[in-house]
1. Can you flag which of Lys6/Lys35; Lys32/Lys227; Lys32/Lys224; Lys41/Lys227; Lys6/Lys224 are past 29 Å Cα-Cα?
2. Suppose the chain between Val426 and Ala330 were pulled fully straight at 0.36 nm per residue; how much longer would it get relative to their current alpha carbon spacing?
3. When the chain is fully extended, how far beyond the present Cα-Cα distance does Ala15 get from Asn54, taking 0.36 nm per residue of separation?
4. Hey, with R₀ at 51 Å, roughly what FRET efficiency would Asp408 and Gln172 work out to, going by the Cβ-Cβ distance, to 0.05?
5. For region 293-395, take N as its residue count and report Rg(C-alpha) divided by 2.2 N^0.38 Å.
6. With label points built 7 Å along Cα→Cβ from the Cα atoms of Lys227 and Lys47, find their separation and express it in nm.
7. Rounded to two decimals, what is Rg over Rh for region 158-213 when you use alpha-carbon atoms and the Kirkwood radius?
8. With a Förster radius of 35 Å, plug the Cβ-Cβ distance of Arg433 and Asn214 into 1/(1 + (r/R0)^6) and report the FRET value to the nearest 0.05.
Amino acid sequence: MDARLKHLLQGERVARFWDAMSRNYPLHLYSKPVKTAVEGKFPGDGKFFLVGENVDPATLAVIGAALEQLLGYEHEAADLTRELSLVYEEITLLYRLSTAFAGKLQIEQIQQSAVAEIADTLEVAKVSVLMLTEDGQGLVLSAGLGVENGRLGAVRFRRGKGLAWRVVDSGQSLIANDLAQYADFDQGRQPDRSLLLVPLATKTGLAGVLAVSNPRYGREFTSKDEKLLATIAQQMGSVWENASLYKEAREQFLHTVEALSAAIDAKDPYTHGHSRRVTDFSMAIAEEMALPPEDLELIRISSLLHDIGKLGVSENILRKPDRLTGEEFAEIKKHPVIGAEIMSHVKKLSRFVPGMIDHHERFGGGGYPDGRQGEQISLAGRIIAVADTFDAITSDRPYHPDRKGRPDEVALAEIQRCRGSHFDPVVVDAFQRAYDRGRIKQNPAIQAPA
């Protein structure tokens, strides 16, 4: 019996009808012509042949007509079920994507989340995210699963080479189940059996191509796979655009912060480059502590701006080549509070205030400006305190006996001596590990200004 007919006969309404008729009449159904059979049709240009033993022709004709109608209904119901199933799968996929992309503004994170969802949803062995280079002459393999080692981050296809450029030039998806038919297919070191490629577009134009290959269980790609991958590409393109805008805005913000940091250091010739070095040391400590990306960002900005309050301190005090008087030092000690006041006027920057105002507090108490202790001090403040101290001891300062920075070993010993009293032990231990790995080291070229 024809497989399509057999499948339709398994439908609930058709099966009930056939069982009822078969109990009353000895009926037989065939896919090929049989003498004395009543011929009927089923969807897809199929035919069936109904035979009834000792059943009068008129009754057999009525049964055949009813069966034909029911087979048509069953086909429509199956189509509707398939369509509903596809819609549901798309809705589920969009939900999973929105969950996977939620809160992600780093392009690399978005790509990796998309790659995982694509591989899971389409059940494929290989996924490639190919992004256009700035000059539009190459496609870079920016993320992938099951791709060749060493390919990530490199130009995978130059313009005009490989099937991906068909998608770039046409803006249309491509299903290639028989790759032997495509003369421009570029086989890599890991052979592909079949390919599905869809454009990755944003509001401003084409950004790249999403490619999947080698569906599991030996199956071929279908229009359903194409529709699902296009859904992912559409969602990814939208999120990608937001992430690109965020990246541009973030880079502009960082440039502004770095320029401001340089302006702070320029007020005091003895602290030239101090904020940059403290930031580098702080980031090395934070990464050694395995802090999440959002905390790393907070540490980076807070440490760059930790001395912003010195903008409110007299240059005569900052530039004084000798030791400060008690009154002058009292003025210097105001810079954390001045910095907090400056930053508090910009609501979006208020989250960086704790690190700036706390970096002279002591873990055991007795620091300034508020005398906080332990975990009352922000983590950013505790990290910056250690980094700031290391730089202060090892770089040239007017309060050193010869105004020259001390060797690293002196700073290490002092930080360890103050572990638990001035500094958070956890932060000190992370600092020591980072130093031992060579991630923290003072530049020996740092000298006192002429």
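Quick note: the coordinates plus some simple rules give every number you see, no bench work behind them. This structure is a prediction, so every number in the text was calculated from the model and none was measured. Because the Cβ atoms are built from the backbone with ideal geometry, glycine has one as well, and the counts that use them run over all protein chains shown.
1. On the way: Lys6/Lys35 21 Å; Lys32/Lys227 37 Å; Lys32/Lys224 32 Å; Lys41/Lys227 32 Å; Lys6/Lys224 24 Å.
Checking Cα-Cα distances, Lys32/Lys227; Lys32/Lys224; Lys41/Lys227 exceed 29 Å.
2. Details: separation 96, 0.36 × 96 = 34.56 nm, distance 2.99 nm.
Once the chain is fully extended between Val426 and Ala330, it gains 31.6 nm.
3. Values: separation 39, 0.36 × 39 = 14.04 nm, distance 2.23 nm.
Gain on stretching Ala15 to Asn54: 11.8 nm.
4. Numbers: r = 61 Å, r/R0 = 1.20.
E between Asp408 and Gln172, to the nearest 0.05, is 0.25.
5. Details: Rg = 13.6 Å, N = 103, 2.2 N^0.38 = 12.8 Å.
For region 293-395, the normalised Cα radius of gyration is 1.06.
6. 3.2 nm
7. On the way: Rg = 11.3 Å, Rh = 11.7 Å.
Ratio of gyration radius to Kirkwood radius for region 158-213: 0.97.
8. Numbers: r = 43 Å, r/R0 = 1.23.
The calculated FRET efficiency here is 0.25.
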